[in-house]
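Bear in mind that the values in this text are calculations on the coordinates, not laboratory data. What you see is a predicted model; the values in this text were computed from it and never measured. Ideal geometry is used to build each Cβ from the backbone, glycine not excepted, and the neighbour counts take in all protein chains shown.
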Amino acid sequence: MATNKKKKKVFIFSGAGLLLIILIAAIVIGGKKEPVIVVQTEKVVHRTITQVVTASGSIQPTVEVKINPEVSGEIVELPVVEGQRVTKGQLLLKIRPDTYLAQVQQNQAALQATEANLELAKANFAKAESDYNRAKEMYAKHLTSASDIENSKTQYDVTKAQVDANKSQVAQAEGALKVAQDNLSKTTIHAPMDGVISTLNSKLGERVLGTNFSLGTEVMDVADMASMEAQVDVDENDVVLVAVGDTAILSVDAFPDTKVKGIVYQIATSGTTTGSGTQDQVTNFLVKIKVLHPSEYELRPGMSVTADIQTATHYDVLSVPIQSVTIRTPKAQEGAAKPTAAKQAGNREKAQEVVFVVSNGTVKAVPVKRGISDDNYVEITSGLKEGEEVVSGTFVAISRELNDGSKVRVENNKMVATKGV
């Protein structure tokens with residue numbers, strides 16, 4: 001009986017050991033099984049792609065004149081207010097003219113004095129000329145001496161020089177009078193064009209500086225509100241895509257439900273750099289967009305605007321979701337182990353853009369060439385055919401998990417949680 005019990009125990013332990021070995025083997029085999037990656041897909045289809053460059057800025061009048069007086073003084077008339085519409089030639093402001101009027105009167109008196117001196121010099125010259133001519137006749141008849149005729153000639157030359165000098169003084173006095181009259185006229189400023197007082201910086205009674213003092217005082221701005229533009233800053237990487245004549249769709253913050261159409265008409269040739277020498281250094285180029293039919297909108301200078309500039313449109317081209325295109329090296333496509341930093345540097349030039357095409361539960365990394373793109377889709381110029389099914393999500397799957405030959409499960413109708421997105 002003891003022998004039978006021992007045999008029974010051996011069988012039990014042997015069976016348990018065998019079961020344990022089978023279980024371990026199953027775990028090992030199961031652990032080596034390739035995981036199935038959950039993805040979403042879309043079909044390759046033809047569509048129209050419009051490439052857009054987005055930039056922000058502000059609405060400004062196409063023509064805006066800054067009113068800076070050319071003479072200094074106190075504002076004694078200011079018959080306009082900010083926002084008022086004015087017509088060309090309308091009085092905008094008047095500066096106290098007393099000082100400039102006195103200068104005109106002073107220069108008028110100086111001119112009269114020089115003109116009187118000129119008349120006197122002319123009379124003296126006429127007498128000296130007559131005496132000189134008489135002396136020459138008498139000298140020819142031997143009725144006067146050589147010294148007499150020489151004295152007459154000297155007097156003639158002196159009076160002639162006095163006439164020339166007085167003519168110069170008259171011209172100088174006339175010039176001074178014109179300057180004084182011009183300064184007097186500048187005390188009154190009229191509107192240079194039809195427009196609106198977009199900015200009014202000064203008040204009645206204030207003293208202003210003329211443009212002889214640096215830039216002078218900017219009293220007001222007159223803007224032509226019938227012609228408006230968007231002035232936006234375009235990044236240096238995007239400005240090469242923009243061309244004069246491109247269509248732009250403008251979104252004005254003040255009118256969130258309104259889309260305004262415009263046309264690019266000017267692109268700056270020089271950029272403006274901010275944050276120079278820091279990590280935040282940015283170089284932008286000013287692009288001006290003419291607003292079409294501005295009278296249909298209540299646009300005002302300074303309003304914030306975002307411009308979507310349509311730089312290119314390709315019709316009826318093959319396209320895939322923009323996130324479907326990723327970068328892989330040949331080894332990564334084959335599912336090889338992640339290369340070292342040195343190998344990555346060596347293979348960098350071999351990296352290529354690929355799209356993962358789904359077929360029979362697996363994916364194939366297909367190298368592609370792309371054209372332009374919009375916010376959602378990218379044009380594929382080679383590598384794919386219409387109707388092929390490409391992976392469009394998740395971001396983690398496309399950018400990290402998928403390799404050539406990976407097994408996948410397509411779940412297009414479910415919201416799949418994605419880590420790291």
Fewest-first ranking of D375, D404, D157, using other Cβ atoms within 10 Å as the exposure measure: D375, D157, D404
Could you calculate the FRET efficiency of E150 with A113 from 1/(1 + (r/R0)^6), where r is the beta carbon distance between them and R0 is 35 Å, rounded to 0.05? 0.55
Summed side-chain charge close to Q231 - residues other than Q231 whose Cβ falls under 12 Å, Lys, Arg +1, Asp, Glu -1: -1
Using alpha carbon positions and the Kirkwood radius, the Rg to Rh ratio of the chain is 1.43
Please report, in debye to the nearest 20, how large the charge dipole of region 97-186 is about its Cα centre when each Lys and Arg carries +1 at its beta carbon and each Asp and Glu carries -1 there. 160
Among T278, T313, T87, which one shows the highest mean-square fluctuation when the chain is modelled as a Gaussian network with alpha-carbon springs under 10 Å? T278
Given charges at Cβ of Lys, Arg, Asp, Glu: region 97-186 dipole, positive-most of N166, A176, Y156: Y156
To the nearest Å, what is the center-to-center distance of region 256-281 and region 138-193, using C-alpha atoms only? 61
Helix-only CD estimate at 222 nm, as mean residue ellipticity for the chain, using -39500 (n - 2.57) per DSSP H run (n ≥ 4): -10500 deg cm²/dmol
Can you sort V45, V305, V65, V208 by how many other beta carbons sit within 10 Å, fewest first? V45, V65, V208, V305
Using +1 at the Cβ of each Lys and Arg and -1 at the Cβ of each Asp and Glu in the chain, identify which of S324, S147, V358 lies farthest towards the dipole's positive end. V358
Residue farthest toward the positive end of the dipole of region 185-308, with Cβ of Lys/Arg at +1 and Asp/Glu at -1: which of N201, P256, M225? N201
Run the dipole for the chain about the Cα centre, Lys and Arg Cβ at +1, Asp and Glu Cβ at -1, nothing else charged, and hand back the magnitude in debye, nearest 20. 3780
What span do the alpha-carbon atoms of region 354-414 cover on each of the three principal axes, reported in whole Å from largest to smallest? 30, 23, 21
Semi-axes in Å, largest first, for region 159-224 (Cα gyration tensor, √(5λ)) are 40, 13, 9
Arrange T217, T144 by Cβ neighbour counts within 10 Å, fewest through most, would you? T144, T217
Please report, in debye to the nearest 20, how large the charge dipole of region 209-312 is about its Cα centre when each Lys and Arg carries +1 at its beta carbon and each Asp and Glu carries -1 there. 220
With θ set to phi - 60°, apply the Karplus curve 6.51 cos²θ - 1.76 cosθ + 1.60 along region 279-285 and write out the HN-Hα couplings as whole Hz, x wherever there is a Gly or Pro. 5, 8, 5, 9, 10, 10, 10
The chain, Gaussian network, Cα under 10 Å: of E42, E74, E411, the residue fluctuating most is E411
Under 9 Å from the Cβ of P61, count the other residues' Cβ atoms, weight Lys and Arg +1, Asp and Glu -1, and hand me the total. -4
